[in-house]
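**Student:** Quick one: this structure, given as structure tokens, is what I'll be asking you about.
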Amino acid sequence: MLHLRVYGSSSTLAEVGAALEARGAARHAALSAGVVDGRALLTAEVQGESADVALEYLLAQGMDAEDIALARFDDIGPISAGHREAALIWADVMGQASQNSRPVGRYLVFMCASGVIACFGVIYANTTLIVGAMAVSPDTLPVTAICTALVSRRWRLASRALLTLVIGLGLVGAVAALLTAGLDALGHLPSAFHVGESALDGLVNINASTVGVAFAAGVAGMLALETRASSAVGVAISVTTIPAAAYLGVAAGVGELREAAGALAVLAVNVAMLLAGGVATLMTQRRLAERSA
């Protein structure tokens, strides 16, 4: 259930609220007087599948986007008859894509931290550290932003989100390479360390599991974004990106360019399949939403 709040002219909002209820786009519409004469606050309950219709109508009536807010509420207990699945709200997905497509400072810091943790995970073949690096990494955000932009044919947004993803994964690899080279120069790498003999050497080989796991992760990541579970499912995305990016960096740091090239190929295939899975999921969700509207 969504809670709609619109601030504007009292007379206009009274008509808008009545129209939304008449259209079936909202219910329980109520009007509260503002502290400024002639201004008021319209509140109403909106079902997820009606959110885009309600927003489009409000904007068409000249409402300012800054004066419109939608908040997501969770129903508790058997209050309403029947069960409704969370509907795709396109305005919400597009808003998140726009926000997640930029390489903000916090994103870059998290990716650097992920590179440090994953680097040690690769060097010591420590799966706990690698899982920790995947949990830290926020690369789910630009991946889902790219998928959204591709489905909506917003090429500029897609380019910006892709650049953000490339910068983030590049940071992971660069941090891992610099850290590995530094440890090597100081003699702190494990004795007779050879990245190609690591238990993680599968990160340089492309096979059926590479394609299947990445595609499934793309599906999970896109669905998680829509249900606000991205922080929990983000590891599903990162399992296909962070280990390969860190392995690439470690291999480059010790000069094993053949291993680095293999990891780069795996990373490229993983990203391509992530996007394929995310785009397919979002297109399916959007078509289902259009049919049920």
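The values are calculated or read from the model by the stated rules, or taken from the named source; none is laboratory data. Worth saying up front: this structure is predicted, and the values here are computed from it rather than measured. Every residue, glycine among them, receives a Cβ derived from its backbone with ideal geometry; neighbour counts consider all protein chains shown. Protein only, heavy atoms only, side chains kept; ligands, DNA and RNA dropped before computing areas. Shrake-Rupley method; radii C 1.70, N 1.55, O 1.52, S 1.80 Å.
**Student:** For region 242-293, count the residues as N, evaluate 2.2 N^0.38 Å, and divide the Cα radius of gyration by that value, please.
**Tutor:** That works out to 1.77 for region 242-293.
**Student:** Gain in length, residue 98 to residue 128, computed as 0.36 nm per residue apart minus the alpha-carbon separation, to one decimal in nm?
**Tutor:** Here the segment from residue 98 to residue 128 would lengthen by 7.5 nm.
**Student:** Using helices alone, I'd like the mean residue ellipticity at 222 nm for the chain: each DSSP H run of four-plus residues gives -39500 (n - 2.57), total over residue count, nearest 500.
**Tutor:** Theoretical 222 nm ellipticity from helices: -21000 deg cm²/dmol.
**Student:** Translational diffusion coefficient, Stokes-Einstein: compute it for region 86-139 using the Kirkwood radius over C-alpha pairs as Rh, at 37 °C and 0.692 mPa s, and state it as an integer in µm² s⁻¹.
**Tutor:** In µm²/s, the coefficient rounds to 258.
**Student:** Roughly how far apart, in whole Å, are the Cα centres of region 138-170 and region 258-272?
**Tutor:** 19 Å
**Student:** For the chain, list the DSSP H helices whose alpha carbon atoms reach 30 Å or more along the long axis and whose average Kyte-Doolittle value is 0.5 or above?
**Tutor:** Going by DSSP H runs, the hits are 155-185, 257-292.
**Student:** So, one more: Run the numbers for residue 91 and residue 207: contour at 0.36 nm per residue of separation, minus the present Cα-Cα distance, in nm.
**Tutor:** Fully extending the segment from residue 91 to residue 207 adds 38.0 nm.
**Student:** Give me the orientation-averaged projected area of the Cα convex hull of region 80-187, in nm², one decimal.
**Tutor:** That works out to 9.5 nm².
**Student:** Additional query: From the C-alpha coordinates alone, can you work out the Kirkwood hydrodynamic radius of region 145-186, in Å?
**Tutor:** 11.8 Å
**Student:** Could you run the Debye sum over the Cα atoms of the chain, one equal point scatterer each and no solvent, and tell me log10 of I(q)/I(0) at q = 0.10 Å⁻¹, two decimals?
**Tutor:** -0.63
**Student:** All other residues with a Cβ under 13 Å from the Cβ of residue 14 taken together, and with Lys, Arg as +1 and Asp, Glu as -1, what is their net charge?
**Tutor:** The answer is -1.
**Student:** Then there's this: Assigning unit charges at the beta carbon (Lys, Arg +1; Asp, Glu -1) and nothing else, what dipole magnitude in debye, to the nearest 20, does the chain show about its Cα centre?
**Tutor:** Value, rounded to 20: 340 debye.
**Student:** Based solely on C-alpha atoms, express the radius of gyration and the Dmax of region 148-279 in angstrom.
**Tutor:** 16.2, 52
**Student:** By accessible area of protein heavy atoms, probe 1.4 Å, what ranking do 147, 112 get, highest first?
**Tutor:** Highest to lowest solvent-accessible surface, that is 112, 147.
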